[in-house]
Every structure is written in C-alpha cells, then in structure tokens.
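Below: one structure, written as structure tokens.
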C-alpha cells in the first residue's frame, strides 16, 4: 500500500515529466482524483505551439500545465517519426524547410492527442513532412520531373501498415501494400503544404484487405481501414497505455 507521498510521486511521474513545483502544489491543492481528471479534460492552458529546437521542446515539456499532453506528444512524435534531413538534396524528395518538424508535431499530432487515432493517422499522412520523408510526395501513377519518370512508390504504404498501424505479421501482404500505394497516388506537396494531384492519381479499381473499392472512393479508404484493423482500433491514449509511459486505464485507477 502506497503512502500519500508515494501516491503523489507515482501520479506525477506517470502523467508527465516528474514533480515540478506547480504540479506538486496543484496536486496538493485539489487532490489526486481531480488532478488526474484535469490532465484528461483539457481545461488547463494549452501547450504552446512555438519553439521546436531541442532546448525549447524540453522547456515546453517540463513547464507545461498539461503534463499528460506533453508526455503523449513525445510518444506520438516517436511513433509518427520523421527525419529532419534528406539523404540527397539533389533529389525531388529534397528537404522541405528542414522537413518542418515543429509543424508536423504541432499541426498533425498535438491537436489529436486525446482524440481518435484514425484522425491523427490521416493528419500525419497529409503532413508535408511525412509525405517528404516516406516518399509519398512522388507516388504518382506517372510523373516526369526534370526528365526523370516517377511512378508508384510504396514506401509510405508499407510503413503505414508495418509501423504506424497493423504491424509485422498483421495479416497483410505485398499485394496489399502495392494496392494501398495505388490508393495513395497523388497525395503530394505544393508550396510546403499537402496537395492532392488529381491528375497523378490512379483512379482504376483497387483490391486489398479493404475489399474492392470503386475508383472515386479508393483514395479515401485505405487509412481509415488501417486504423480500424482489430489490433489497433483504439484512442491515442489507449495505445500509449501499452507503452513505457504506462498510462493504461488500470494504471490510472491504481493511482
């Protein structure tokens, strides 16, 4: 049986980055149950969307009133991770302003931390940073850039199944990956923003685990279906519960 001080330490460490003065005092003032509820209900001042250097991020993390969101932001950025550099600056997949890591975190991930996983999945898929990093910005039915022909690119389609949603040995195969890549043709970037290049989309019928899809609906179906796969259909906080953050419902009840 934990003592009162041990329970406090347990809660503050589980729901955030440790015992800051503000959070320690807040816990003492309103009690354990109210503190946990407050971290979940979004009533505290929002995390600032500025400052994306390592130093600024660390400062934001430890000073944020929303400690649970700060911890979840790190978790989900690690899950939907991108690199800040491009391997070959001469390729059409060249870095978009350092791949705009801050934008990726603050626009594609942060607003959806306590919401629906499928929504976050879709927003990260449309993030210019992700489109650049995993090459979907050059996933076309047919495109010629600087004299070089670009066709289908299944890098993102493969990663979204293997890493972002279903997982290795999740029941999909190479055919499903190819079909998913076809569904995502034309999802690209213009002026550092998501842009659907309709002329470069493959509108022919596709078939995968999603079942046969009519051309007009195909591009809208693969990501929601991946998010609905039985092993991963959960809210972001529920998925994070199985990670090292240990934020499961059981853990919250125990604290």
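Derivation of every value follows stated rules applied to the coordinates shown; laboratory data play no part. Computed from a predicted model, the values in this text were never measured in an experiment. Cβ placement follows ideal geometry from the backbone for every residue including glycine, while neighbour counts extend to all protein chains displayed.
Some points to look at:
- Relative contact order (%) - the stretch 1-79, alpha-carbon pairs under 8 angstrom, separation at least six: 32 percent
- Descending by average beta-carbon neighbour count within 10 Å, the peptides 35-45, 6-16 line up as 6-16, 35-45, the highest first.
- In plain terms, the chain from residue 198 to residue 25 could stretch by 56.8 nm, reckoned as 0.36 nm per residue minus the Cα-Cα distance.
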